[in-house]
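Peer 1: Dumping the structure here so I can ask a few things about it.
The values are calculated or read from the model by the stated rules, or taken from the named source; none is laboratory data. This one's a predicted model, so the numbers in the text were calculated from it and none came from an experiment. Heads up, the Cβs are rebuilt from the backbone with ideal geometry, glycines too, and the neighbour counts pull from every protein chain shown.
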Amino acid sequence: MATKISICSNAALLVGAAPIANPTDNTTAARLTFNLYDHVRDDLLRAHPWNFATKRVKLSPLTSQPAYGYLYEYNLPADCLRVLGIDYPLVSSDFRIEGGRVLANTDSLNLRYVFKNEDVATWSPDFVAVVTYTLASLIAYPIAKSDSLRQTLEQKVLFKTQIAKANNGLENPSQRLISNPLMQARY
């Protein structure tokens, strides 16, 4: 099972550095990987609706109201990195995100979002590889002084990301398209 230390250590190994035993190691590789880790994790989590980092919550409106345009406002959850959608009849496209709040014209919201999943044990192995190779590509030049190694690792990141996204998508059933009279009348 992967851990933050094993991810950082593997990234260091990919660029030819010594493995990292703990976060307080006083090596350049340890300092770089642990310094970049949180940013890389959040950036990669936000980039795709990963199944292991998706949550659903019911939100209640705040007592304050938006100045105009919408009747209700809601605070986004503190761990929200990206809103995926709102599941509510007739509201799914009529909402706005402004200043860390959701504005809508309904008195309750069912929110789907990508959350800041810091529990590495719940990540897919594919995502662990993406994080590892991304960290390695970022530290390749400072550690190995090799631009070709950095470029090779960046290509690996793209490849690993494609595999991770494909496998993530295969874990969910296909969405069924619902036909309606308007769509049928047009063709």
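Peer 1: Checking the condition farther than 16 Å from Ala136 by Cα, in a strand (DSSP E or B) and hydroxyl-bearing (Ser, Thr, Tyr), which residue from Tyr68, Tyr74 passes?
Peer 2: Of the residues listed, the single one that is farther than 16 Å from Ala136 by Cα, in a strand (DSSP E or B) and hydroxyl-bearing (Ser, Thr, Tyr) is Tyr74.
Residues checked against (1) modelled with pLDDT under 95; (2) in a helix (DSSP H, G or I):
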position: Met1; (1), (2): yes, no
position: Ile7; (1), (2): no, yes
position: Asn10; (1), (2): no, yes
position: Leu13; (1), (2): no, yes
position: Ala17; (1), (2): no, no
position: Asp25; (1), (2): yes, no
position: Leu36; (1), (2): no, yes
position: Val40; (1), (2): no, yes
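Peer 1: Using the structure shown, decide if Ala164 is outside any loop (DSSP other than H, G, I, E, B) and under 19 Å from Asn35 (Cα atoms).
Peer 2: Against the criterion (outside any loop (DSSP other than H, G, I, E, B) and under 19 Å from Asn35 (Cα atoms)), Ala164 does not qualify.
Peer 1: Please go through the range 109-129 and give me each residue that is in contact (Cβ under 8 Å) with a residue 12 or more places away in the chain, surrounded by fewer than 22 Cβ atoms within 10 Å (Cβ to Cβ) and part of a loop (DSSP other than H, G, I, E, B), ordered by number.
Peer 2: Hits for the range 109-129 are Lys116, Asn117, Glu118, Ser124.
Peer 1: Something else: Quick one: which of Thr63, Thr132, Thr106 is outside any strand (DSSP E or B), more than 14 Å from the chain's Cα centre (by Cα) and under 30 Å from Leu13 (Cβ atoms)?
Peer 2: Thr132
Peer 1: Can you report the number of residues in the range 42-56 which are loosely packed, with under 14 Cβ neighbours inside 10 Å and touching a strand residue (DSSP E or B) at 6+ places or on another chain (Cβ under 7 Å)?
Peer 2: Of the residues in the range 42-56, 1 are loosely packed, with under 14 Cβ neighbours inside 10 Å and touching a strand residue (DSSP E or B) at 6+ places or on another chain (Cβ under 7 Å).
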